[in-house]
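**Q** Handing you this structure, nothing more for now.
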Amino acid sequence: MALILNLETATTNCSVCLSLKGEVVSIRENNTPNYSHAEQLHVFIKECMDESGFSMTDLDAIAVSKGPGSYTGLRIGVSAAKGLCFALDVPLISIATLKSLASQLKIAEGDFIIPVLDARRMEVYSAVFDAHLNEIRETQAQIIGESSFQEYLQGSKVHFLGSGAEKIKETLTNSNAEYYTEAVPSAKEMASLSFEKFTKTNFENVAYFEPYYLKDFLITQKKS
C-alpha cells in the first residue's frame with residue numbers, strides 16, 4: 001500500500017506528513033525559531049493519523065529527513081523515527097534534507113538549484129542540483145565569499161533557496177542569481193522521495209542509522 005509517515009525536523013520547521021503512494025494524505029507543520037520539535041512532533045503525528053482515518057499499525061514505513069541541519073532537531077526526528085520503526089516493525093527510509101528542499105522548485109532546463117541551510121557565521125550547508133534533481137555537486141559545508149558558486153552562475157540561472165540564501169544574497173552580486181530566503185524543508189516534499197525509495201526497498205538499518213551531521217557537533221561553555 002505504501003502508507004508512509006514522513007518526519008522533517010532538520011531545521012526550524014517541525015513538519016509531519018502522511019503519504020499514500022507518494023501523495024500527501026495529511027500534513028501538520030509549524031516553523032518557529034524556538035525549535036519546538038520536542039513538544040510538537042508527536043502531537044503532529046497523532047493529528048495526521050487521526051485526520052487520515054488510518055491507524056499506526058497501517059503504516060508501511062517511516063521516513064525521516066537525515067540532514068544536514070540542526071543537531072538537536074535531527075536527533076529528535078531520527079530518535080522518533082527509529083522508535084516507531086522498532087515498535088511497528090516497519091522499515092526506515094532516510095531522505096537527504098537538501099534534496100527534499102530543492103524539490104520545492106520547478107526550474108528551466110539548464111538552470112541550477114542550490115539549496116542552502118544556514119550554519120555558523122558565514123558558513124552554509126549546500127548541494128547543487130539540475131532541473132531533474134540530479135545531484136551535480138555533493139553536500140558541503142562552505143564559507144561564503146564573493147567567488148562562491150561562480151562556476152554555476154556563469155551563463156546559467158541559479159536558484160538559491162533556504163535559510164542560508166540571505167547570506168549569499170548579501171555577498172554575491174550576480175544577475176543570474178535568484179533567492180528564496182523564506183523556504184524551509186517540509187515533510188510535504190518528502191512524500192514522493194520516500195515513495196520512490198520504498199518501491200526500490202532502499203531502507204536503512206534501523207539499529208545503526210545516524211543523522212548526517214556533516215561536521216562535528218561543538219559544545220561551547222560560557223567563560224567564567
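**Q** If you average the sequence gap of Cα pairs under 8 Å that are 6 or more apart and divide by the length of the chain, what percent do you get for the contact order? Spell out each step's value before the answer.
**A** On the way: 493 pairs, mean separation 52.2, N = 224.
Reported relative contact order: 23 percent.
**Q** Relative contact order for the stretch 105-180: what percent, with Cα pairs under 8 Å and sequence separation of 6 or more? Don't skip to the answer; put the middle values down first.
**A** On the way: 147 pairs, mean separation 24.3, N = 76.
32 percent.
**Q** Under the rule a/c < 1.5 gives rounded, and otherwise a/b versus b/c splits prolate from oblate, where does the stretch 56-108 land using the Cα gyration tensor? Let's see the in-between values first.
**A** Working: a/c = 3.69, a/b = 1.59, b/c = 2.32.
Because a/c hits 1.5 or more and a/b fails to exceed b/c, the stretch 56-108 counts as oblate.
**Q** Additional query: Does anyone have the angle between helix 37-52 and the longest principal axis of the chain? Alpha-carbon axes, 0 to 90°, nearest 10?
**A** With rounding to tens, the tilt is 60 degrees.
**Q** Right, another one. How far apart, in nm, are two points set 7 Å out from the Cα along the Cα-to-Cβ line at Gln154 and at Thr72?
**A** Here the modelled spin labels are 4.3 nm apart.
**Q** Hey, another quick one. With charges only on Cβ, +1 for K and R and -1 for D and E, what is the dipole size of the chain about its Cα centre, in debye, rounded to 20? Mind showing how you got there, number by number?
**A** Values: 20 positive and 28 negative charges, 116 e Å.
It comes to approximately 560 debye.
**Q** Straight-line reach from Lys169: which aspartates and glutamates fall under 14 Å, measuring Cα to Cα and dropping same-chain residues less than 8 apart?
**A** Candidates past the 8-residue exclusion: Asp118, Glu123, Glu146, Glu178, Glu182.
**Q** Label Asn30 and Asn205 with points 7 Å out from Cα along Cα→Cβ: what is the distance between them in nm?
**A** Result: 3.7 nm between the two label points.
**Q** While we're here: Going by average Cβ neighbours within 10 Å, how do the peptides 176-187, 82-93, 201-212 rank, with the highest at the top? Walk me through the intermediate numbers first.
**A** Values: 176-187: 19.5, 82-93: 17.4, 201-212: 14.3.
The peptides rank, most packed first, as 176-187, 82-93, 201-212.
**Q** Which of the trypsin sites (Lys or Arg not before Pro) found in the stretch 97-193 are loop residues per DSSP with 10 or fewer other Cβ atoms within 10 Å of their Cβ? Please list the in-between numbers first.
**A** On the way: sites: Lys99, Lys106, Arg120, Arg121, Arg137, Lys157, Lys167, Lys169, Lys188; in loops: Lys106, Arg120, Arg121, Lys157.
Loop-located and lightly packed - Lys106, Arg120, Arg121.
**Q** Which cross-chain or sequence-distant (5 or more) residues have an amide H under 5 Å from the amide H of Tyr212, H modelled 1.01 Å from N in plane?
**A** HN-HN under 5 Å from Tyr212: Gly67.
**Q** From the convex hull of the Cα coordinates of the stretch 105-180, what is the mean projected area in square nanometres? Numbers along the way, then the final one.
**A** Details: hull surface 17.5 nm².
For the stretch 105-180, the mean projected area of the Cα convex hull comes to 4.4 nm².
**Q** Oh, and also: If you take the beta carbon distance between Thr171 and Arg137 as r and set R0 to 25 Å, what does 1/(1 + (r/R0)^6) give as a FRET efficiency, to the nearest 0.05?
**A** In this case the efficiency is close to 0.85.
**Q** So which trypsin sites (Lys or Arg not before Pro) in the stretch 1-50 end up in coil per DSSP with only 15 or fewer other C-beta atoms within 10 Å? Display every interim value, and only then the final one.
**A** On the way: sites: Lys21, Arg28, Lys46; in loops: Lys21.
Of the trypsin sites (Lys or Arg not before Pro), the ones in loops of the stretch 1-50 whose Cβ has at most 15 other Cβ atoms within 10 Å are Lys21.
The numbers here are math on the coordinates, done by the rules we state, and not lab data. Since this is a predicted model, take the numbers as computed values, not measurements. Every residue, glycine among them, receives a Cβ derived from its backbone with ideal geometry; neighbour counts consider all protein chains shown.
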